[in-house]
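Each remark here refers to the structure printed beneath this line.
No lab work stands behind these numbers, since they all come straight from the coordinates. The model shown is predicted, which means the values in this text are computed figures rather than measured ones. We place every Cβ from the backbone using ideal geometry, glycine too, and count neighbours over all the protein chains shown.
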Amino acid sequence: MSPGFTFVATWMLLGVVLMTGPRPTLASSASQASAETLLTDFTGVSADLGWYVVNDNVMGGRSDGDFQQEDGVLRFAGRTNTNGGGFSSIRTKTVQLDLSNHAGIQLTVKGDGRRYTWRITTDARRRGRPVSYWADFETQSDSWTTVDIPFNSFVPRYRGAELDGPPLDPRKVTGMGLMIYDKLDGPFELQLASVRAYSAEPPAAASQHKVQTTNRVGASILKKK
C-alpha cells in the first residue's frame with residue numbers, strides 16, 4: 001500500500017477535511033473512557049485552523065481583543081466595553097468537519113473567572129440568513145480545566161438573537177470560534193491549550209479522579225483533583 005493511499009484513508013476514517021488551503025493532519029487520541037479527535041493543540045504539529053479576530057467594532061462597538069500563539073497555547077485577551085456591542089471574538093477560517101461520531105467539543109482552558117462562549121457554524125440558514133450556534137461556559141481564575149460542551153447545548157442564533165431552529169448538525173461544521181460576550185466591562189484573558197471533539201462516555205467509565213460541575217448551559221467543567 002502506498003503512503004499516499006494510507007494518508008487519504010486515515011482522513012476518511014476521521015471524517016475531517018479542511019476546505020481552505022492544504023489539508024493539515026488532524027491527530028486523534030483515545031482512552032478507555034472516551035474516544036477523542038484532536039482538532040488543534042497549537043503546537044505547530046497539529047492543524048493550523050487560521051484564526052482571526054472579529055471584535056464589536058464591526059458594529060460600532062469599543063471592545064478590544066486579540067490573540068497570540070506561543071509555546072503550544074493560544075492566548076486570547078483584551079478588554080470588553082458594553083457601550084456598544086460588548087464582545088470580542090476569534091474565529092477559524094472555513095473548514096469542513098464531520099463530527100457526527102462525537103458528542104461535543106472539549107476545551108482545555110485557563111481562564112479568569114469570566115464566562116466565555118464557544119461558537120460553531122454550519123451551512124444552516126434561517127430565512128436565507130446564516131445561523132451560528134453558541135454555548136456558554138464558565139472559567140476558573142488561574143486554573144487549567146477541561147470543559148466538555150455537548151452539541152445539544154448549542155443554541156442557534158443570528159447576530160446574537162436566539163432562534164427557534166434549526167438545531168446544530170455536527171456532520172456539517174464549517175467554522176468554530178471563541179468569544180466573550182458576558183455583558184461585563186473590563187479586561188479578560190483566556191488561554192486555550194487544545195480543542196478536541198469527544199465521544200459519549202459510558203456512565204460506568206467516568207474517572208474517579210475528576211470532579212464535575214455543570215454550568216448554566218449544560219457544559220461541564222472537569223478539573224483534576
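Residue by residue through segment 184-200, what is 3J(HN,Hα) from phi via Karplus (6.51 cos²θ - 1.76 cosθ + 1.60, θ = phi - 60°)? Round to whole Hz and write x for glycine and proline.
Those phi angles translate into 10, 8, x, x, 9, 7, 9, 9, 10, 9, 7, 10, 10, 9, 10, 9, 4 Hz.
Suppose each label sits 7 Å from its Cα in the direction of the beta carbon; what would the ASP123-LYS172 distance come out to in nanometres?
Label-label distance for ASP123 and LYS172, simple model: 0.6 nm.
List residues of segment 34-72, by number, whose backbone nitrogen lies under 17 Å from a label position 7 Å along Cα→C-beta of ARG79.
Label zone hits: 55-57, 61-67.
Name the long-range amide H neighbours of ASN55: under 5 Å, sequence gap of 5 or more, or other chain; modelled H, no Pro or chain starts.
SER89
For segment 64-160, rounded, prolate or oblate, judged on the Cα gyration tensor with a ≥ b ≥ c (square roots of eigenvalues), a/c < 1.5 rounded, else prolate if a/b > b/c?
Oblate, because a/c is 1.5 or more while a/b does not exceed b/c.
Which peptide among 40-49, 79-88 comes first, and what is the full order, when sorted by highest mean count of other Cβ atoms within 10 Å?
Taking the mean over residues of other Cβ atoms within 10 Å, the ranking is 79-88, 40-49.
According to a simple spin-label model (label point 7 Å from Cα along Cα-to-Cβ), what is the distance in nm between ARG62 and TYR158?
Result for the modelled spin labels: 3.1 nm.
Could you pull out every residue, at least 5 positions away or on a different chain, whose amide H is within less than 5 Å of the one on GLY86? Hs are placed 1.01 Å off N in the peptide plane, and Pro or chain starts have none.
For GLY86, the qualifying residues are ARG62, SER63, ASN81.
Show the residues, 5+ positions off or on another chain, whose built amide H is closer than 5 Å to the amide H of THR40.
VAL195
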